[in-house]
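Notes follow the structure.
Any read-out appearing in this document is the output of simple, stated calculations on the displayed coordinates, not a laboratory observation. Quantities reported herein were computed from a predicted structural model and do not represent experimental measurements. Here Cβ is always computed from backbone atoms with ideal geometry, including for glycine, and neighbour counts include all displayed protein chains.
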Amino acid sequence: MSGDIFDCIIVGAGPSGSIAGYLLAQAGLEVLIIERGNFAGSKNMTGGRLYSHSLEKIIPGFSKEAPVERRVIKETVTMLTGDSSVSLDFQSELLGEEKKDSYTVLRADFDQWLASKAEEAGAILASGVRVDDLIIQDGKVTGVIAGEDEMEADVVILADGVNSLLAQKAGLKAELKPDQVAVGIKEVIELPANVIEDRFNLNPGEGAARLFVGDCTKGKIGGGFLYTNKNSISLGLVFTLSDIGTEGLSVPQMLEEFKQHPAVKPLIKGGKLVEYSGHLVPEGGLTMLPKLYGDGVLVVGDAAGLVINAGYTVRGMDLAIASGEAAAQAVIAAQEKGDYTAPNLAHYKNLLDNSFIMRDLTKYQDFPIFMENHRIFKQYPQLAVDIFKDLYLIDGNPLKPLKKTALSHMKKVGIVNLLKDAWKGGKIL
Amino acid sequence: MKKIVACYKWVVDEADIRVEGKARSLNFDRIKYKISEYDRNAIEVGASFNEKQGCQFLAVTCGANVEASLKDVLSRGPESIAYVNDGALEETDSSVTSKVLAGIIKKIGEVDLVICGEGSSDGYSQQVGPRLAALLGYASVTFVNKLELTEDGIRAERKLEDGVEVVELTGPAVVTVLPDINKPRIPSLKQILAAKKKTSEKLELAAIGLDSLALKQKTLDVSGTVMERKNIQINSGGMTIEEAAQKLVQQLKADGSLA
Ligand SMILES: Cc1cc2nc3c(=O)[nH]c(=O)nc-3n(C[C@H](O)[C@H](O)[C@H](O)COP(=O)(O)OP(=O)(O)OC[C@H]3O[C@@H](n4cnc5c(N)ncnc54)[C@H](O)[C@@H]3O)c2cc1C
């Protein structure tokens, strides 16, 4: 730091910001991380599952010291109609394989830990401070403005989350459109660890992840999720913002109905609501990718829309972490040259292009459009339930062969539609 | 130049405490700590004397787990902090707290004015200030909602139940302040950064002439109080509003809620 100028100011102490701060401080840069919450994580939410691979690469064995909740060893996808459900269960040792495993997390604890790693490495964390604006001179970002205070830096990393007003101010991004974001709501419901383990068939330390499609979003694009934490369950819904209200149900009403569904109610029975939160999720995929860098500025994580939202499942934290890492690498390289102009920071985009981030985002790029197809959220859950109903409901009437009954149900959706969706879906997934 | 000390308590954020079950036990599982609310007013008083009149201004605290508070308090204006952090102070009451604080303040030496909040956000026993005054041999002025420094003392307005009392005194004093004396600051970015460069002095109990064993106290039980609802329905059965209002007034009188 020369005089009062930091090498790098990072706005936001979510996973993307803290990782960038951690790596830059480790490399000996003078780093300031500014977080508007009273502590890192205080304002943050997530569904609950962190895929470990990208953090494992930076902090090997992190799960032993980080406040993770449970290691996911069991995955269930459930299709819901109003009164019935069909589930697919996957349990495998493979899920627990190191570097491929995933953990449930609660952000208030997890983000604090990650931010403390950055502080230990030498970054300065100023929490309880909101950055209101950027200092921009001749098109180059040279610092931040927080209240009355101005603070300068050679480069600013915007890690301020999905609704990054600062990226807009830097001219990197347009205002969010309703169809580019989904809304997520979540309750944390407390239950004793042994009750959770009995209910979900888990050993201590093991966790379950469940996704729900269909009636929980009233047939709209989106889905429900349930993650087991140590002593609580994270239960919530994610759905496209432009879809809200079209079914006449408010967001809290939808969550309430989801909780009352016969497939969900027994899982949370006797639990105590300890936290309620709502948050936006970027879901435009590649189509909403902003300009990722400019003179003296980089955008990472949710602020850059680096989230894979496959409708019923959201993945953002591992991308946030990897993009924070790429930004740190680009800044370190820029510092060596003493040049923070856009052409030099373009290295950040190269790193992303050659990483799993762009590979996976590209793979899923048609997914948002595919998801716009409401059949997946309305007709297919009904189809699955109808087929299973015919299989299992015995009332003394003559049984029809499965092929025939299944076909008659499929005809309701339209065989051509079904094949089309299966083909498109198969290609994307 | 006057030397001013503000005392503060690092308390559990009451928003995080949960009262559980019939036994009304208190659950402290997911708690965070904070600088006690009225103590923030006390710190703000000192900070403004420091900024506007150039007084020397220090913060003082003690407890079993207060180191997490240092950065926070230093961003609110004090030039430095002196504190005792000792496991023996886990469950202190105001008698022990005031002994420790008095010890620290004597160690600092030549303090002209000590400012405390009127009471803490957790216990609100309102005892630490007056006890501290007694232990230090200082004047004690409570319920203060306006404070000025004079040549050789202070001028304070005390907000009492039946009026405002203005007191002037010479010599050192311990003042306890009410929340309406000022609006505590939310530390700015520069104040937070400046705090990182300030000094803090950790003192051992022995260094202030106290013995940790002699101070050790044990709290046997703490539980929450809950006001039971009486579930009285005033206007059941098609009663008119006038009748219901009269019945309500009678009920409130019977309860002693209306004189
Ligand atoms: C309901 C829901 C479920 C999800 N489920 C999952 C999941 O299971 N797995 C997964 O991997 N991802 C999930 N995600 C996505 C994941 O939570 C995000 O992708 C991730 O948190 C992005 O991290 P980030 O660091 O980019 O941003 P954030 O975590 O949003 O952090 C941004 C930080 O910046 C701060 N900030 C913002 N503006 C300012 C400002 N002006 N000044 C100072 N500070 C500021 C904020 O307070 C915040 O701390 C989910 C998201 C939602 C909403």
**Q.** Solvent-free Debye scattering, log10 I(q)/I(0), computed from the Cα coordinates of chain A at q = 0.09, 0.13 Å⁻¹
**A.** -0.58, -1.12
Q | Folded to 0 to 90 degrees: helix A:251-260 orientation relative to chain A principal axis, Cα | A | 50 degrees
(Q) Please compute the average number of Cβ atoms from other chains found within 10 Å of each residue's Cβ in peptide A:144-155. (A) 2
Q: Using θ = phi - 60° and the Karplus relation 6.51 cos²θ - 1.76 cosθ + 1.60, list the HN-Hα couplings for the range B:163-168 in order, rounded to whole Hz, with x at every Gly or Pro.
A: x, 10, 10, 9, 10, 10
**Q.** Dipole magnitude of the range B:3-208, debye to nearest 20 (Cβ charges: Lys/Arg +1, Asp/Glu -1, about Cα centre)
**A.** 660 debye
Q) Once every DSSP H run of n ≥ 4 in chain A is given -39500 (n - 2.57) and the sum is divided by its residues, what mean residue ellipticity at 222 nm do you get, rounded to the nearest 500 deg cm²/dmol? A) -10000 deg cm²/dmol
Q: Provide the net charge surrounding residue A:101, with neighbours chosen by a C-beta distance below 10 Å and charges set as Lys +1, Arg +1, Asp -1, Glu -1.
A: 0
Q.
Rounded to the nearest 20 debye, what is the charge dipole size of the protein assembly as shown about its Cα centre when +1 sits on each Lys and Arg Cβ and -1 on each Asp and Glu Cβ?
A. 2120 debye
Q. Using modelled amide H (1.01 Å from N, peptide plane; none on Pro or chain starts), what sits under 5 Å from the amide H of residue A:72, excluding residues fewer than 5 places away?
A. A:102, A:103, A:104, A:207
Q. Just in the range A:226-304: which chymotrypsin sites (Phe, Trp or Tyr not before Pro) are loop by DSSP and have at most 15 other Cβ atoms within 10 Å?
A. none
Q: Rank the residues A:53, A:279, A:347 as a footprinting-exposure proxy: fewest other Cβ atoms within 10 Å of their Cβ go first.
A: A:53, A:347, A:279
Q) From the cross-link list A:74/A:230; A:173/A:337; A:100/A:230; B:3/B:190; B:2/B:107, which pairs have alpha carbons spaced over 19 Å apart? A) A:173/A:337; A:100/A:230; B:3/B:190
Q: At 7 Å along the Cα-to-beta-carbon direction for both residue A:253 and residue B:152, put a label point, then send me their distance in nm to one decimal.
A: 7.5 nm
Q: In nm, give the distance between the simple-model label positions of residue B:239 and residue A:400, each being 7 Å from the Cα along the Cα-to-Cβ direction.
A: 6.3 nm
Q: Scan around residue B:140 for amide H atoms under 5 Å from its own, H built in the peptide plane at 1.01 Å from N, and keep only partners 5 or more places away or cross-chain.
A: B:174
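Counting other beta carbons within 10 Å of each Cβ, put B:73, A:183 in order, fewest first. Before the final figure, lay out the partial values.
Numbers: B:73 26, A:183 19.
Neighbour counts put them in this order, fewest first: A:183, B:73.
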Q: Can you tell me the order of B:51-61, B:36-46, B:178-188, B:157-167 when each peptide is scored by its average per-residue count of other Cβ atoms within 10 angstrom, highest first?
A: B:36-46, B:51-61, B:178-188, B:157-167
**Q.** Kirkwood Rh in Å, taken over the range A:83-190 so that all alpha-carbon pairs contribute
**A.** 18.5 Å
Q) Given H placed 1.01 Å from N in the peptide plane, which residues other than close sequence neighbours of residue A:135 have an amide H under 5 Å from its amide H? A) A:142, A:143, A:144, A:145
Q: Would you be so kind as to identify all helices of chain B, as entire DSSP H runs, whose Cα atoms reach 18 Å or more along the helix's own axis and whose mean Kyte-Doolittle hydropathy is at least 0.5?
A: B:94-108
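Between residue B:198 and residue B:160, what is 0.36 nm times their sequence separation minus the Cα-Cα distance? Round to one decimal in nm.
Gain on extension, residue B:198 to residue B:160, equals 9.9 nm.
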Q) Dipole magnitude of the range B:116-240 about its Cα centre, charges +1 at Lys/Arg Cβ and -1 at Asp/Glu Cβ only, in debye to the nearest 20? A) 740 debye
Q | In range of the label at residue A:412: residues from the range A:199-232 whose backbone nitrogen is under 14 Å from the point 7 Å along Cα→Cβ | A | A:215
Q. Pairing the Cα long axis of helix A:415-428 with the longest principal axis of chain A, what angle in degrees results, from 0 to 90 and rounded to the nearest 10?
A. 30 degrees
**Q.** In nm, spacing of pseudo-spin labels at residue A:337 and residue A:272 (7 Å Cα→C-beta vector)
**A.** 5.8 nm
Q. Once you sort the root eigenvalues of the Cα gyration tensor of the range A:96-254 as a ≥ b ≥ c, which label holds: rounded (a/c under 1.5), prolate (a/b larger than b/c) or oblate (the other case)?
A. oblate
**Q.** Cα gyration tensor, chain B - rounded (a/c under 1.5), prolate or oblate
**A.** prolate
Q: Give the relative contact order (percent, whole number) for the range A:198-328; include only Cα pairs under 8 Å separated by 6+ residues.
A: 18 percent
Q.
Between helix A:107-120 and chain A, what is the angle of the helix's C-alpha long axis to the longest principal axis, kept within 0 to 90° and rounded to the nearest 10?
A. 30 degrees
Q) Under the classification rounded if a/c is under 1.5, otherwise prolate if a/b is larger than b/c and oblate if not, where does the range B:71-142 fall, given a ≥ b ≥ c as square roots of the Cα gyration tensor eigenvalues? A) rounded
**Q.** Sites excluded, trypsin sites (Lys or Arg not before Pro) in DSSP loops with at most 12 other C-beta within 10 Å, longest stretch of chain A
**A.** A:101-268
